[in-house]
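Data first, discussion second: the structure below is written as structure tokens.
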Amino acid sequence: MTFVGQLIIPKQALIWGERCSSGESVCFFNFFNMKVLLAGSTGYLGTYILKELQARQIDFRAITRNVEKLKPLGLYSDQLFKAQVTQKESLLGACDGVEVVISTVGITRQKDGLTYMDVDYQANRNLLDEAIRAKVKKFIYVSVLEGQNLTHLQICAAKERFVHDLKQSGLDYSIIRPTGFFSDMKAFYEMTQRGRIYLFGDGSIRSNPIHGADLAKICVDAIESPEQEIKVGGPETLTQSEIAQLAFEAIGRPAKITYLPDWLRRGVLRLASIFQSKANYGTTEFFLNVLAMDMVAPQYGRHRLGDLFSQLHHQALMDKALST
Ligand SMILES: NC(=O)c1ccc[n+]([C@@H]2O[C@H](COP(=O)([O-])OP(=O)(O)OC[C@H]3O[C@@H](n4cnc5c(N)ncnc54)[C@H](OP(=O)(O)O)[C@@H]3O)[C@@H](O)[C@H]2O)c1
């Protein structure tokens, strides 16, 4: 324990300024008077970060273009900032009084007709400009594992361009580099419902996907972490075949897996590059490329994929029972 003003607070709560090892130094910053701005709060990861900030009683403000989406999360009205992050002028004042910005803003399934450069790069650049103007101390940004080595992909080109700008900004920063999210693992469960899981190659590609709740803890811990690049994945490293097995185990059926030759994946990629719109191709391009790469990062968290598949199955059975 150490003293800050008249308060006795745990040392872990102190960030920046001098560490108050003897109680003599002045700490100008701690969790109790710090304000965080969260951008991306309506998304899969952003919602878990919002809940983590609430659980730790960290003062925060959430930017959203759609206030309705945040209503079920019980925010006070002064915690909401309505803005469109792609429109720079709407962000004016968003960072006033804020010490740390956390951004998970990026295109995943949105169909706004915008490109990764418009959102993953420019919208985050708009946030960064506003953070610099408001003298924010730290910017935490969620990119992707290996993004710096995948800049030939549209999504990573945009994300890493922002990472470059952030590194040049003069602000403290942490770049979070996660593996795939549990939200994308639903695709395995959905294939079991159609009777068979299709995998490209021999199923030996490995990854350790991470649950949003586990990753949210890492993002919030980053507020006081001196680490500038944080690679992180979930607690289980599995091959694609093992993931498929887990999905079938959850529904209590023997695994039916078809292994498709890898040239087919490359062929689909090629066709998609010709026939899909640029915006849609970006998603196909990213997923079909990472499907063929090991995506393994230091393990963290407690959420397991088998439990996710069981929960999805339980939910599907409940929905079916309610609809009959
Ligand atoms: N999914 C993965 O496996 C994975 C892996 C590594 C890294 N990442 C990255 O992690 C970040 C968070 O992922 P996620 O799964 O939480 O994504 P998500 O659920 O789609 O959330 C993205 C957030 O960005 C906002 N956004 C997107 N397009 C926007 C636009 N045109 N204007 C304003 N806001 C916009 C969304 O707002 P609305 O709710 O209003 O649309 C939402 O709050 C993304 O940058 C993603 O690329 C994802």
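For the reader, a short list of remarks on this structure follows.
- Rounded to the nearest 10 degrees, the angle from helix 262-275 to the longest Cα principal axis of the chain is 70 degrees.
- Between helix 182-193 and the chain there is an angle of about 20 degrees, using the helix long axis and the longest principal axis of the Cα atoms.
- Straightening the chain between LYS88 and ARG266 buys 60.2 nm, computed as 0.36 nm per residue apart minus the Cα-Cα spacing.
- Contact order for the stretch 153-249, expressed relative to its length and based on alpha carbon pairs under 8 Å spaced 6+ residues apart, stands at 39 percent.
- Charge tally in the Cβ shell below 13 Å around THR179, where Lys, Arg are +1 and Asp, Glu are -1, THR179 excluded: -2
- Rounded if a/c under 1.5, otherwise prolate or oblate - the stretch 202-280, Cα gyration tensor axes: oblate
- In the chain, Cα pairs under 8 Å separated by at least six residues give a relative contact order of 15 percent.
- Restraint check, LYS167/LYS278; LYS88/LYS186; LYS137/LYS278; LYS82/LYS138, Cα-Cα greater than 31 Å: LYS88/LYS186; LYS137/LYS278
- Rounded to the nearest 500, the 222 nm mean residue ellipticity of the chain from helices alone is -11500 deg cm²/dmol, with -39,500 (n - 2.57) taken per DSSP H run of at least 4 residues.
- Were the residues from LEU73 through ASP118 laid out at 0.36 nm apart, the gain over their Cα-Cα distance would be 13.4 nm.
- At 0.890 mPa s and 25 °C, Stokes D of the stretch 94-247 from Kirkwood alpha-carbon radius, µm² per second: 145 µm²/s
- The chain - convex hull of the alpha-carbon atoms, volume per residue in Å³: 157 Å³
- Along the axis of the charge dipole computed for the chain (Cβ charges of +1 for Lys and Arg, -1 for Asp and Glu, origin at the Cα centre), the listed residues ALA321, THR86, ASN124 are led at the positive end by ALA321.
- Global geometry of the stretch 225-324, whether rounded, prolate or oblate, following the gyration tensor of its Cα atoms and the 1.5 cut on a/c: oblate
- Think of the stretch 127-257 as having a plus end and a minus end, set by charges on the Cβ of Lys, Arg, Asp and Glu; of GLN240, GLN193, ILE155, GLN193 sits farthest toward the positive end of this dipole.
- Cβ charges +1 (Lys, Arg) and -1 (Asp, Glu), total dipole of the stretch 83-219, debye: 220 debye
- Normalised by the number of residues in the stretch 186-324, the average gap of Cα pairs under 8 Å and 6 or more apart makes the relative contact order 40 percent.
- Student exercise, the stretch 214-324 dipole from Lys, Arg, Asp, Glu Cβ charges, in Debye to nearest 20: 580 debye
- For the stretch 211-242 and the stretch 38-116, distance of Cα centres in Å: 20 Å
No value in this document is a laboratory result; all are computed from the given coordinates. Just so it is clear, the model here is predicted, and its values are computed rather than measured. Every residue, glycine among them, receives a Cβ derived from its backbone with ideal geometry; neighbour counts consider all protein chains shown.
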